[in-house]
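For reference, the structure is listed below as structure tokens.
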Amino acid sequence: MAIKSFHPPQRILMGPGPSDVSPRVLGAMARPTLGHLDPVFVAMMDEMKELLKYAFQTKNELTMPVSAPGSAGMETCFVNLVEPGDKVIVCQNGVFGGRMKENVERCGGVAVMVQDEWGRAVDPQKVEDALKANPDTKVVAFVHAETSTGAQSDAKTLVALAHKYNCLAIVDAVTSLGGTPVKVDEWDIDAIYSGTQKCLSCTPGLSPVSFNARAQEKIKNRKTKVQSWFMDLNLVMGYWGAATKRAYHHTAPINALYGLHEALVMLQEEGLENSWARHQKNHLALRAGLEAMGLKFVVPEAERLPQLNAITIPDGVDDGAVRTALLNDYQLEIGAGLGVMAGKVWRFGLMGYASNPRNVLVCLGALDDVLGRAKAPIQRGVAVAAAQKVLAG
Ligand SMILES: *Cc1c(COP(=O)(O)O)cnc(C)c1O
């Protein structure tokens, strides 16, 4: 039988990403493909850099999207800033800190791990203790918004600590950018990477990054070549640098970049502060509904991410069966637990375009039905009303 065109169903994406993509972004991506050195396209790239500077709240010239997903943004930061033998303090409070360790070691660096409980923020005191015990440390790396658990760490404090001990700070803002405050210049972040498929309402596959003067200085003074040709910023800048000397490095993902451009225009139209407030309000509404049902959050209130809500699965409830019923009966995707939390938690994402009242109410109504049918020990018929009360307030 001949394979025909692929037509995906219309789902509601309320997991840890990808999240719902705005129709405006999908529309932009269907526009005519240009050559990657076409002057019209190059002008769009210049706008993109300005839009990204706004999203990151920075004046850094070295701000652009890496042509690959968030993991490649992570790798771009590490391969450029870590040389063989460099000691790097890596904070781990979930899955993604473990990936940072992998990156450090593959660059020939030495990772000093600062471990925190999964579901908690990074403890600055532990980081300071590690910095005192390892005075030869060059870089401190941490995840601002740990998507595997829903915990948010205090980026401003951690970056200040890194600088107090003459280290650079690498920050993972894949899930935070657009959803919760990220202030690159005010917090003096040296290197930061994000992703397009979490709170930016865009498709997966691109990774915005930004580097300040301190980070660029370190890259300029490297003793060794960056081992990745593709991610070597010295080469990438030949393409993304000043408009006059754009040279071929790789073929940019043209239409994907149209999508990100549109997503960032939407963010600018809404305003960053309004976007953060929207994520917070929808989180509070979802939370009111989940708690009215009797479900419990994993992360203590003060350390919670509004865009990623991790809930403990009630005793005796079949994790997989519930998620399958939500998908089949309601076209609703939620996230399973990751790593040590597999089978123990559900992760409800309210990211970017997906952070809206309709999703909150549909999700709570669907969960009420599916958990009720599964005979889970929950309070029935109260979640939607509890959320509506918050949304109306
Ligand atoms: C999703 C995510 C990544 C990886 O991004 P990809 O686009 O999946 O490569 C890295 N860090 C965090 C915190 C994430 O949530």
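Bear in mind that the values in this text are calculations on the coordinates, not laboratory data. Computed from a prediction, not measured in an experiment: that's the story for all the values here. When we count neighbours, we look across all protein chains shown, and the Cβ atoms used for this are built from the backbone with ideal geometry, even at glycine.
Assorted remarks:
- Our coupling estimate for segment 74-91, obtained by passing each phi through the Karplus curve with A = 6.51, B = -1.76, C = 1.60 and θ = phi - 60°, is 4, 5, 4, 5, 6, 5, 7, 9, 10, 9, x, x, 5, 8, 10, 7, 10, 8 Hz, Gly and Pro reported as x.
- Checking the Cα-Cα distances for K132/K156; K126/K296; K156/K220 against a 21 Å cut-off, the pairs over it are K126/K296; K156/K220.
- Relative contact order [Cα under 8 Å, 6+ residues apart], the chain, whole percent: 24
- Fluctuation leader among E273, E301, E50 - the chain, Gaussian network, Cα springs under 10 angstrom: E301
- D by Stokes-Einstein for segment 86-204, Kirkwood Rh over Cα pairs, 10 °C, 1.306 mPa s: 112 µm²/s.
- Relative contact order (%) - segment 1-122, alpha-carbon pairs under 8 angstrom, separation at least six: 15
- Whichever aspartates and glutamates have a C-alpha closer than 18 Å to that of K225, once near sequence neighbours (fewer than 8 apart) are set aside: E75, E83, D86, E105, E217
- Max mean-square fluctuation residue, GNM over the chain, Cα-Cα springs under 10 Å, options Q125, Q115, Q197: Q125
- Multiplying the residue separation of A160 and N356 by 0.36 nm and subtracting their alpha-carbon distance yields 67.1 nm.
- Charge tally in the Cβ shell below 14 Å around H279, where Lys, Arg are +1 and Asp, Glu are -1, H279 excluded: +2
- In terms of Cα atoms, the Rg and Dmax of segment 162-221 work out to 12.7, 38 Å.
- Each of F297, F6, F211, F96 has some number of other Cβ atoms within 10 Å of its Cβ, and from fewest to most they run F6, F297, F96, F211.
- In this simple spin-label approximation, T33 and K132 carry label points 7 Å from Cα along the Cα→Cβ vector, and these lie 5.8 nm apart.
- Working from Cα pairs under 8 Å separated by at least six residues, relative contact order for segment 90-249 is 15 percent.
- Under 17 Å from K223, Cα to Cα: lysines that are on another chain or at least 8 residues apart: K87, K138
- Choice from H283, H261, H250 showing the highest fluctuation, given a GNM over the chain with Cα pairs closer than 10 Å: H250
- With N as its number of residues, segment 272-392 has a Cα radius of gyration that, divided by 2.2 N^0.38 Å, comes to 0.99.
- Note on segment 23-268: Rg/Rh from Cα positions, Kirkwood definition for Rh, rounded to two decimals, is 0.97.
- Cα-based reach from K49 at 15 Å (exclusive), listing aspartates and glutamates while leaving out same-chain residues under 8 positions away: E61, E262
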